[in-house]
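The structure is given below, and queries will be raised subsequently.
Here, each number is a calculation from the coordinates, and none is a lab measurement. As the structure is a computational prediction, the values presented were derived from the model and not from experiment. Every residue, glycine as well, gets a Cβ built from its backbone with ideal geometry; the counts of neighbours run over all protein chains shown.
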Amino acid sequence: MDAIFLQILNGLDKGGAYALIALGLTLVFGTLGVVNFAHGAIFMMGAFCAVTLEKILTLSVRVKDESVTFFDAYKETPYLEVWFGDTGSAIINWSVPLSIILAIPVMLLIGIVMERSLIRYFYKRPHADQILVTFGLAIVMQELIKAFFGANPIPQGAPDIVAGSAAIGAVFGLGEAVVYPWWRLIYLAFSLVTIGLVFSFLHFTTYGMVVRAGMADRETVELLGINIERRFTIVFGMAAVVAGLAGVMYTPVLPPDYHLGMDFLVLSFVVVVVGGMGSLPGAVLAGFLLGILQSFSSMTEVKDIFPGIDQVIIYLVAVVILLTRPRGLMGRRGVMES
């Protein structure tokens, strides 16, 4: 029972990342009709916003080490610690959550620039053209990150106060021996809150309602005199922000490197297709379901029976679902069928 409970948590945690990326992919496809293969690179760029802020906060100066009395010794100390002491140390320690403040405007700007300078020219082009150009853009972004930050993963630490594990088993009556990392719980909560905010924006604000109307019937909305193209540009930027924040918060879980985006992109596209192209609830549902399925398939007991099943289970399930439900779990008629 303990192992099952932990695997469900693992699946929800991993599924949260899939769902956030898939949500952005579906927003872009539903509004602009663009299959955006650069979305995984946007997730990676968000992660490197956290890396960048951490590097800025830890810029150091050589200061005399007062603990050494026999000779003059110097050590590298961050400017923040020199200027602000313990407060500076606390700011550095909380660099990952603070990266959200940097990531929101940066990712919004990246999204809007991408849409205005490149993506808008491919709205009415075949999906094969869209895939080709956005995949090429993803490779360019990936290589830029590699040039600036190198090829090796760059670990990012969670704040000390949440760096350990929570005795979550005691809360559910499973005993105090059942523990789970605090940051993974925070990431799951963050995923659920972000998904809730996106759906609330789309369903309970006038702006969001117009966007949803444009997703359903763009021509009619434009006949009403509404500049739907400008709104869709903002939605593209919002999708970039969601993916970027998902990347920021995932850095303590998985140290980012230049191919992080590609690793998540393929799985997230499978999630989108399984959930149903253009279906926001379907993307979220499929993200969490496939995350849980992947988690259970990685158990030692399962891999002893089916070696390597954890590497292919998502794709096998996708094949089965698409054979039985060609539009995915919650796909709409006519999407990708022209």
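Quick one: if you stick a label point 7 Å off each Cα along the C-beta vector at Tyr315 and Ala151, how many nm between them?
2.4 nm
Would you kindly state how much longer the chain becomes between Met209 and Leu192 on full extension, computed as 0.36 nm times their sequence separation minus their alpha carbon distance, in nm to one decimal?
4.0 nm
Additional query: Among residues other than Leu109 whose Cβ falls under 12 Å from its Cβ, what is the net charge (Lys/Arg +1, Asp/Glu -1)?
Here the charged neighbours net out to 0.
Same structure, new question: Can you tell me the 0 to 90 degree angle between the C-alpha axis of helix 2-32 and the longest principal axis of the chain, rounded to 10?
60 degrees
May I ask you to derive the relative contact order of region 2-324, considering only C-alpha pairs under 8 Å and at least 6 residues apart, and to give it as an integer percent?
38 percent.
Additional query: So what is the relative contact order of region 125-205, in percent, for Cα pairs below 8 Å that sit 6 or more residues apart? Before the final figure, lay out each step's value.
On the way: 33 pairs, mean separation 13.2, N = 81.
Answer for region 125-205 is 16 percent.
Between Ala216 and Ile139, what is the FRET efficiency for a Förster distance of 41 Å, r being their Cβ-Cβ separation, to the nearest 0.05?
Details: r = 34 Å, r/R0 = 0.82.
The computed FRET efficiency comes out at 0.75.
Further question: Would you mind checking the tilt of helix 39-57 against the longest principal axis of the Cα atoms of the chain, expressed as 0 to 90 degrees and rounded to 10?
With rounding to tens, the tilt is 20 degrees.
Something else: For the chain, how many pairs of lysine residues have a Cα-Cα distance under 26 Å, where the two are 8 or more positions apart or belong to different chains? Working shown, then result.
Details: Lys14/Lys146; Lys14/Lys303; Lys55/Lys64; Lys55/Lys75; Lys55/Lys146; Lys64/Lys75.
Pairs that pass both the separation and distance tests number 6.
Something else: Need the full-extension length gain, Ser200 to Ile8, defined as separation in residues times 0.36 nm minus the C-alpha distance. One decimal, nm.
66.5 nm
Can you sort Asp13, Asp310 by how many other beta carbons sit within 10 Å, fewest first?
Values: Asp13 24, Asp310 17.
Sorted ascending by nearby Cβ count, the order is Asp310, Asp13.
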